[in-house]
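In what follows, a single structure is set out as C-alpha cells and then discussed.
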Number of protein chains: 2
Amino acid sequence: MNTFAEENYLKAILSLSIQGEELVSTNSIATELNTSAASVSDMLKKLQEKKLIIYKKYKGVALNKQGKSIAVNILRKHRLWETFLVKKLDFNWDEVHDVAEQLEHIKSEELIDKLDSFLYYPKFDPHGEVIPTKEGTIPQTDRVLLSEIEENTNGIVLGVSLDETSFLQYLNKLKIEIGTEIQIFDRIDFDKSVNISINNKKQNISNEVAKHLLIKNK
Amino acid sequence: MNTFAEENYLKAILSLSIQGEELVSTNSIATELNTSAASVSDMLKKLQEKKLIIYKKYKGVALNKQGKSIAVNILRKHRLWETFLVKKLDFNWDEVHDVAEQLEHIKSEELIDKLDSFLYYPKFDPHGEVIPTKEGTIPQTDRVLLSEIEENTNGIVLGVSLDETSFLQYLNKLKIEIGTEIQIFDRIDFDKSVNISINNKKQNISNEVAKHLLIKNK
DNA sequence: AAATAAATTTAGATATATCTAAAAATAAAT
DNA sequence: ATTTATTTTTAGATATATCTAAATTTATTT
C-alpha cells in the first residue's frame, strides 16, 4: 500500500509524461507539486526502491509498468469522484478539484466499482477528460489542443487539460464550456495566441489558455 | 487543521465518553485505537498543547468544547458517509465501516452539506445510530441497551452501537436487524446474558452482544 | 577547453507519529 | 502501612516527508 505522498508523486510523473516529457525532470515534478527539488530527489529514491519508477540520477524519471498502473488508477479515481461531485452533488466544475484530490486517495476497489456503476460508467469527467478504464488503459480520443490546431478551421470544445479554479473561472468568463462551437482564424507568431470567434464574437486566446483547451476538428 | 491521527484520537475519546467514561483513561484509548499506551501519552500531550482536550497526567482525559466539536463533526461525517454507501452505492451495512473511516477525514464543509442534502437530511445511519447535526449536537433518543433493559418487556431493535464486521455479521445470523421486534424474558445473573425471543423463537444473547443493541421499549 | 550557469543530489535538520524498554505514579493486596 | 501489581509517562529509536544549504553533476557560454 502506498502513502498519499507517494501516490501524488506517481500522479505528477504520469501527468508530466502525458504532457510530453518522456524523461520527467526533478524540477518539473517539484513545480507540479509545489515542493523543492531536494524533496523530489528524496522521494524518487524511495519510489525506485519500491520498484515503481525507472530513475537515473541527474537524467530523469519514468514510470514503470507497476507505477503507471497505480498512477492511472488514481487518475481514474480522481475523475470519477469529480464526476460524482458535479453530477450528483451539484458542484460546479471549477469547484471540485481540491476535494477530488483528497477523495482520490481513498483505498477501496469496491467503492470505485460501485461509484462507477452509480454514475452509469461515465467515459468523460466534467472537464471533458477521458476516464481511464478499470483495466488501467486511458482511451485515446482524436482531440487537438487549441494551441496546435490548424488555422482557418471550425471546432468544438471537448474538454480542458487543466483543473485549476482560476483557469476554469476564466473560461466561464470567456463563455467557453464543453460543447461550445468555435471558429479558429489564425495564430499570432509573436506570442502564439490564437484568434477565434465564439457566437460570431471575435476573441484572442493566449497560448497559455490555448494549451489547455481540447478541440475536436469539424 | 488537524491530522488524521489527531482526529482519530478525538473520535476515540468521544466514543469512550459516550460509553460512560467521564475521565477517559490512556489504556482504554490505546485499546480502542489498537496502539500502545506510550503512543497515547505522546498524543495527549500534543492535543493538550493544541487546546483540544483537558488532560491531567495519570488521571485521564476529557474533550473540551473545541475538541468535542471536532470529534462530533467527524462522527457526523462518518455516519453520513455510511448512509451514502448503503443507500446510494448498495453496500451492506456490515461492509461500510472501513471505507467510512477513511472518508470521514475528507476536509470540505461544502461537501458534507451537499452530501447531507443529497441523502435528504437523514437522522439515522444504516446502523440506527443518530447522525449529529451540522451545529454539533447529538440528538438524544430514548433507547436502552439490551444489556440494561427491564425484564419481561417487549421492544424493537432501533440500532447498534458497534460498527464491527464480525458483530454485524453475527446479528445477520441471529436474524436481528433494525426494526426487529423482540420479547425480553430474563437476565441470567451469572453471565449477564439475556433470554429473548424473535418471532417466537427463544434465544440467549450474551452480555457482549446485548451491550451493543439499542432497544426501544414498547 | 575552461569558465559559468543551471539542475540535481546529498548532508544535516525539523516535525509527525509511532515503537520498546525503563522509570514513575497510582491502585490493589496483603 | 508496606509490598505488589497495574497503569501511565518518559527516554531513546525508527520511519516518513519535508526543508535549507552545500556539494556535485550536467549543460551552456565564452
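One equal scatterer on each Cα of segment B:144-217, no solvent, Debye formula: the resulting log10 I(q)/I(0) at q = 0.19, 0.22, 0.25, 0.27 Å⁻¹ is -0.68, -0.94, -1.25, -1.47. The radius of gyration of the Cα set in segment A:58-97, together with its Dmax, comes out at 14.6, 46 angstrom. For segment A:39-181, the mean projected area of the C-alpha convex hull, equal to one quarter of the hull surface, is 11.0 nm².
Scan chain A and note any complete DSSP helix (H) whose C-alpha atoms cover at least 24 Å along its axis and whose Kyte-Doolittle average is -0.5 or more.
Details: long enough: A:65-87 (32 Å, -0.33).
TM-like helix candidates: A:65-87.
Close amide H partners of B:N154, meaning residues 5 or more places away or on another chain with modelled amide H under 5 Å apart, are B:I184, B:K218. The GluC sites (Glu not before Pro) found in segment B:20-53 that occupy coil by DSSP, while having at most 13 further C-beta atoms within 10 Å, are B:E22. Our helix-only sum for chain B, with -39,500 (n - 2.57) per DSSP H run of n ≥ 4 divided by its residues, gives a mean residue ellipticity at 222 nm of -12500 deg cm²/dmol.
Around A:L115, what is the net charge, scoring Lys/Arg as +1 and Asp/Glu as -1 over all other residues with Cβ under 14 Å from its Cβ? Write down the numbers at each step before the final one.
Working: positive: A:R76, A:K77, A:R79, A:K87, A:K88, A:K107, A:K114, A:K134, B:K87, B:K88; negative: A:E82, A:E104, A:E109, A:E110, A:D113, A:D116, A:D125, B:D90.
Neighbour charge sum, excluding A:L115 itself: +2.
Taking N as the number of residues in the protein assembly as shown, what value does Rg over Cα atoms divided by 2.2 N^0.38 Å take? Mind showing how you got there, number by number?
Numbers: Rg = 27.1 Å, N = 436, 2.2 N^0.38 = 22.2 Å.
Taking N as the residue count of the protein assembly as shown, the ratio is 1.22.
For a quick check of your reading of the filter: which trypsin sites (Lys or Arg not before Pro) in segment A:112-212 sit in a DSSP loop and have no more than 16 other Cβ atoms within 10 Å? Intermediate results must be reported in sequence, preceding the final value.
On the way: sites: A:K114, A:K123, A:K134, A:R143, A:K173, A:K175, A:R187, A:K192, A:K201, A:K202, A:K211; in loops: A:K123, A:K134, A:R143, A:K175, A:K192, A:K211.
Those that pass, being in a loop and sparsely packed, are A:K123, A:K134, A:K175, A:K192, A:K211.
Close amide H partners of B:L145, meaning residues 5 or more places away or on another chain with modelled amide H under 5 Å apart, are B:I215. For segment B:4-63, treating each Cα as an identical point scatterer without solvent, what Debye log10 I(q)/I(0) comes out at q = 0.12, 0.15, 0.28, 0.30 1/Å? These q points yield log10 I(q)/I(0) values of -0.21, -0.34, -1.36, -1.59. Segment A:112-134 and segment B:48-94 have Cα centres separated by 31 Å.
Just tell me the longest site-free run in chain B, where the sites are chymotrypsin sites (Phe, Trp or Tyr not before Pro) in a DSSP loop having at most 15 other beta-carbon atoms within 10 Å. Display every interim value, and only then the final one.
Numbers: sites that count: B:Y58, B:Y120, B:F190.
The longest such stretch corresponds to B:121-189.
Read-outs: derived from the displayed coordinates by stated rules, not from any lab. Given the structure is predicted, the values throughout are model-derived calculations rather than measurements. Counting neighbours? That spans all protein chains shown, and the Cβs are built from the backbone with ideal geometry, glycine included.
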